[in-house]
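Engineer: Quick one: the structure is below, questions incoming.
Just so you know, all these numbers are worked out from the coordinates, no wet-lab data involved. Quick caveat: nothing in here was measured; it's all calculated off a predicted structure. For neighbour counting, all protein chains shown are included, and Cβ atoms are generated from backbone atoms with ideal geometry for every residue, glycine included.
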Amino acid sequence: DAKTTQPPSMDCAEGRAANLPCNHSTISGNEYVYWYRQIHSQGPQYIIHGLKNNETNEMASLIITEDRKSSTLILPHATLRDTAVYYCIVRVNNYGQNFVFGPGTRLSVLP
Amino acid sequence: GAGVSQSPSNKVTEKGKDVELRCDPISGHTALYWYRQSLGQGLEFLIYFQGNSAPDKSGLPSDRFSAERTGGSVSTLTIQRTQQEDSAVYLCASSSGVAGGPRGTGELFFGEGSRLTVL
């Protein structure tokens, strides 16, 4: 079972920041938070991951609360091509662990 | 190749026939995952390989499903006596290492999937 909860859908205006929340209240100390997205008819794409510090890369920023029970993925300037299903996953850092995908959040970027 | 390669990209078969789906992971990636995604649904985990062994087969939906991996590289997912409910996109992903480790971020790289339609 997925260990995360996300809103089923969100809208965002083109050019504005998209803030996608994720709750993971039962996260363990050795579990990382990963974000992936899936654009229609394509395989999922890695976005970013983190353990406890905030992270930023060329695609997005990841803000993890101090208690690590929730996080927010931020797309700073959303474009129409960012319309996709966004998945938040928690996973232990070792080879034996699967990535469990929940239903995710369907983000629609509107012109 | 540069990415995860899956074949065939599309497969239409008749109910009761066997099908084989192939996944060629990124060179050097030791971990390989199979998922399936039915129309409008999320990703369903099927099986995971570390090298040639499969420590987690918990997601295989029935004994009609099997998978193998040889040489720590190519993997084949076989579905015997296909049923209409097997129709889905079958996705393969590979990974090089664990998050925070010296050999990679632990992220998954997905192929474009094999779309299976059982008539």
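Engineer: Taking 30 Å as R0, compute the FRET efficiency from the Cβ-Cβ separation of A:Ser41 and A:Asp67 and round it to 0.05.
Structural biologist: With a Förster radius of 30 Å, E is 0.20.
Engineer: Run the reach check for B:Lys17 against aspartates and glutamates, Cα to Cα strictly under 17 Å, same-chain hits fewer than 8 apart removed. What comes back?
Structural biologist: Result set, ordered by chain and number: B:Asp63, B:Glu85, B:Asp86.
Engineer: Let me ask another. Between A:Leu110 and A:Ser25, what length in nm is gained on full extension when 0.36 nm per residue of separation is reduced by their alpha carbon distance?
Structural biologist: On the way: separation 85, 0.36 × 85 = 30.60 nm, distance 3.10 nm.
Value of the extension gain: 27.5 nm.
Engineer: Using θ = phi - 60° and the Karplus relation 6.51 cos²θ - 1.76 cosθ + 1.60, list the HN-Hα couplings for region B:109-114 in order, rounded to whole Hz, with x at every Gly or Pro.
Structural biologist: Listing the rounded values in order: 10, 9, x, 7, x, 10 Hz.
Engineer: Working only with C-alpha atoms, what are the Rg and Dmax values of chain B, expressed in angstrom?
Structural biologist: 14.0, 47
Engineer: May I pose another question? Could you please report the charge total around B:Arg81, scoring K, R as +1 and D, E as -1 over all other residues with beta-carbon less than 9 angstrom from its beta-carbon?
Structural biologist: +2
Engineer: Between B:Ser66 and A:Val92, what is the spin-label point distance in nm, taking each point 7 Å from the Cα along the Cα→C-beta axis?
Structural biologist: Calculated label separation equals 3.0 nm.
Engineer: Next question. Just to confirm my understanding: which cysteines in the protein assembly as shown have no other cysteine beta carbon less than 4.7 Å from their beta carbon?
Structural biologist: A:Cys12
Engineer: Here's something else I'd like to know. In the neighborhood of A:Ala18, defined by Cβ-to-Cβ distances under 13 Å, what is the net charge if each Lys or Arg adds +1 and each Asp or Glu adds -1? Let's see the in-between values first.
Structural biologist: Details: positive: A:Arg16, A:Arg37, A:Arg81, A:Arg106; negative: A:Asp11, A:Glu14, A:Asp82.
Net charge around A:Ala18: +1.
Engineer: Cα convex hull of chain A: how many Å³ per residue?
Structural biologist: Working: hull volume 11.0 nm³, N = 111.
Cα-based convex hull of chain A, divided per residue, equals 99 Å³.
Engineer: Which semi-axes, in whole Å and largest first, does the equivalent ellipsoid of the protein assembly as shown have when worked out from the alpha carbon gyration tensor as the square roots of 5 times its eigenvalues?
Structural biologist: With the √(5λ) rule applied to the protein assembly as shown, the semi-axes are 30, 21, 15 Å.
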